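Working notes, beginning with the structure itself.
Computed from the coordinates by the stated procedures, all read-outs in this text should not be read as laboratory data. Quick caveat, the model's predicted, so the values are computed rather than measured. Reconstructed Cβ throughout: ideal geometry from the backbone, glycine too, with neighbour counts over all protein chains shown.
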Amino acid sequence: MNRPTLRFRQVHLDFHTSPHIPAIGAAFDKAEWQETLRRAQVDSITLFAKCHHGWSYHPTTVGRMHPGLSFDLLRAQFEATKEIGVNAPIYISAGLDDVAAEEHPEWRQIDAEGRYDGWSKTLLEPGFRHLDFLSPYLDYLCAQIEEVVELFPGCDGIFLDIIHQRPGASPWRMRWMAEHDLDPCSEAARLRCAGEAHRLYYERTTAAVKRGDPDRPVFHNSGHIAMGEREKYETWFSHLELESLPTGGWGYDHFPLSLKYVENLPHSVLGMTGKFHTTWGEFGGFKHPNALRYECAAMIAFGARCSVGDQLHPSGRLDASTYRVIGQAYAGVAAREAWCAGAVNCADIAVLAAAATPLDPVARAKAGRTHPADTGVARMFLEEKLLFTLLDHDRDFSAYPLVVLPDEIPVDAGLAERLAAHLGRGGRVLLTGASGLRPDGSGPALDLGADWSGESPFVPSFILPNPDLRPDWLETPMVMYGRSQRLQPTSGESLGDVFEPYFNRNYAHYCSHQHAPPRPEPSGYAFGVRRGGLAALAYPVFSDYAAHGTVALREITARVIRSLLGEDIRLVLDGLPSSGRANLAYQGGQHRHVLHLLYGQPIRRGGEGGGRGAIEVIEDLPSAPPVQVTLRLAEPVRSVRLEPEGRTLEFRQAEEVVRFTVPAFTCHALIVVQH
């Protein structure tokens, strides 16, 4: 499939408009539209053909044009946009369509209890209706797609939204399961049927998009790029758009977590945030300009291009406040594009993603958007400025000095052989928690240099790592809330002691407010064991960090990692606070490394007195202090510059180590190390 070159400064324009609102698009003005996009430095805007309500915004012989629309709004927007050299992909709602649901209620998704499924489950509940792709609705949807690409052959791709199919028991699903001798009472059977609905959807809608142009881009959106489904993305997607609105429930760590996985797929990548204070569908909601400035800087810093979600007023006029804020953020992006195009991220650590662990269909369906272990890895490594990437378990990790298996990664015979080969050629491996156990749980698949005796019966328990692994202020045992594996070193080196509590808390035995204190004497079990290049920590440290955010645990784990990496650490920073972020990329065509430093301080606000819940926001962008940078690079360095300021920085290079200081900066510093 053709992989398009994405533009850097895009807008995703929502336009879900009730049929009860009149005068749709009445305030659209071509000159004003064009000038607004120019001022905001937008170079691509996704326009609406059909919304979740099911209305089309152009004359149609397949669907239903919005009853409040008297002219071809999509054509007017499209021609005005293309006339000024701005790209215009087109949006079509796929899985939600109220018009189709009202005219054909038999096309709706129905759950196993016989209730309508979707955003609204009852007839009196406001919200959009989900449609079943095994019903004739898919014929209707494909006809709409074909009509749009015939009417707008010069569009810059098709964005298909809300494609998720839940397991259910509609007549169409029941018929398919009967034809394939599947028991509809089985959740696994219903999931298999939902998978068939997805497969049929991908096959037919992608063919419809490609009608007349086999290279026309297509993206199928379901709100998150799921790990472990690489084949789907490689087969049906021309590029990836990482929907990740920090204020909409995703938080500020979700985007880099997703990016670190998709950077290993053969796709161009677009990050997608929103201009909203909360999430999609908010009229009159604005995030602080500093927040959008930081979010766009983070997208290009981690290797993606930018998309900002907006919602068009039914009048058809772009909101002046919104595009003033977008323009401020995109000015910073435009100034830095030259040092971001074609850059490839660098990594010292390959993490086998916990969310990519092979699961049966039922377990996969119940898994959350992200796995706690992956979330903990991302937070910990981003805060510690460790360069990492996230891989599917079958990917080649031989080029990375360190491979990390976080918390819950079973190791079968094939993976054990690959890990042993990595160790044999000088690579290193870190196992945490239950990672490294055979799939049947019978014991470690690798020789840890320790006896393993299963899980500890105590939760919580306590650790006192060796002095070189713990902060200098930590002298007594620290509580750990996750359940540990019991390890007793034999040929391996102990990384510290485990202390067990007097008892687990229950109705008959309890102490104080939370849990019993540790016994004075060590238990005889180790916090971790190291044998050569292989280390195993007894606790699920990454899930624990995701849940509790214990700073000491982050520092302890990072010291274990740095001791394993040794001189293979490519980047060391001194002075950038833990809320700062760093990424190193390589532009091979220009023979240069590009270091991105970010500094923002998300805080949680709201959620009291009837609010919708606490929201991560950025308001202030305090100045980051000077940062001392140490880079290990094989190539001789000719210059170090701060861009786009064009400021030359003094540097020293001794053998393969380059040192320089980045002066105090606000939000985003981009440093070009020219070879």
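Report the calculated FRET efficiency for SER453 and ASP396 (r = Cβ-Cβ distance, R0 = 30 Å), to the nearest 0.05. Don't jump to the answer; show the numbers that get you there.
On the way: r = 34 Å, r/R0 = 1.14.
Calculated value: 0.30.
Here are labelled values, [x] 1.43; [y] 0.92; [z] 1.03, and one is the computed Cα Rg over 2.2 N^0.38 Å for what I pasted. Which one? Computed from the coordinates, Cα Rg over 2.2 N^0.38 Å corresponds to [z]. Simple spin-label estimate for GLU282 and LEU649 gives 3.5 nm between the two label positions (7 Å along the Cα-to-Cβ direction from each Cα). A simple spin-label model places pseudo-atoms 7 Å from Cα toward Cβ; at ARG638 and ALA207 they are separated by 5.3 nm. Taking the Cα centre of the range 1-77 as origin and assigning +1 to Lys and Arg Cβ atoms and -1 to Asp and Glu Cβ atoms, the resulting dipole is close to 280 debye.
The label point for THR661 and the one for SER563, both projected 7 Å from the Cα toward the Cβ, are 3.2 nm apart. Dipole magnitude for the chain: computed about the Cα centre from +1 point charges on Lys and Arg Cβ and -1 point charges on Asp and Glu Cβ, it is near 1060 debye. Taking the Cα centre of the range 279-395 as reference, the dipole from Cβ charges on Lys and Arg (+1) and Asp and Glu (-1) amounts to some 280 debye. Sorted fewest first by neighbouring Cβ atoms within 10 angstrom, ILE162, ILE84, ILE326 come out as ILE84, ILE162, ILE326. Straightening the chain between ASP472 and HIS548 buys 25.3 nm, computed as 0.36 nm per residue apart minus the Cα-Cα spacing. Relative to the longest principal axis of the C-alpha atoms of the chain, give the angle of the C-alpha long axis of helix 187-209, reported between 0 and 90° and rounded to the nearest 10°. It works out to around 50 degrees.
Tell me, how many Å apart are the Cα centres for the range 161-177 and for the range 500-574? About 45 Å separates the Cα centre of the range 161-177 from the one of the range 500-574. Summary of the geometry: the range 115-146 and the range 329-360, compared by the centres of their Cα atoms, lie 35 Å apart.
Here's the picture: a label point sits 7 Å out from the Cα of ARG317 along the beta-carbon direction, and within the range 15-52 the residues with their amide nitrogen under 13 Å of it are 25-30, 32-33. Longest stretch of the chain clear of exposed loop sites (GluC sites (Glu not before Pro), DSSP loop, at most 13 other Cβ atoms within 10 Å, sites excluded): 230-474. Only one residue of PRO577, THR557, TYR545 has its Cα farthest out toward the positive end of the dipole of the range 544-597, where Lys and Arg carry +1 and Asp and Glu -1 on Cβ, and that residue is PRO577.
Taking 0.36 nm per residue of separation and subtracting the current Cα-Cα distance, fully stretching the chain between ARG64 and HIS164 would add 33.7 nm. Taking 0.36 nm per residue of separation and subtracting the Cα-Cα distance, full extension of the segment from SER120 to LYS82 would add 10.0 nm.
Of LYS30/LYS287; LYS210/LYS275; LYS82/LYS210; LYS232/LYS287, which ones are farther than 25 Å apart at the Cα?
Exceeds cut-off: LYS30/LYS287; LYS210/LYS275; LYS232/LYS287.
With respect to the chain, whose longest principal axis is taken over its alpha-carbon atoms, helix 73-83 is tilted by about 70°. Considering only PHE219, GLY414, TRP176, whose Cα is most displaced toward the positive end of the charge dipole of the chain, charges sitting on Cβ of Lys, Arg (+1) and Asp, Glu (-1)? Going by the Cα projections, it comes out as PHE219.
Of the beta bridges DSSP finds with both residues in the chain, what % are antiparallel, to the nearest 5?
In the chain, approximately 60 percent of DSSP beta bridges are antiparallel ones.
Where in the chain is the longest stretch that carries no chymotrypsin sites (Phe, Trp or Tyr not before Pro) classed as loop by DSSP and with at most 12 other Cβ atoms within 10 Å? It works out to 1-282.
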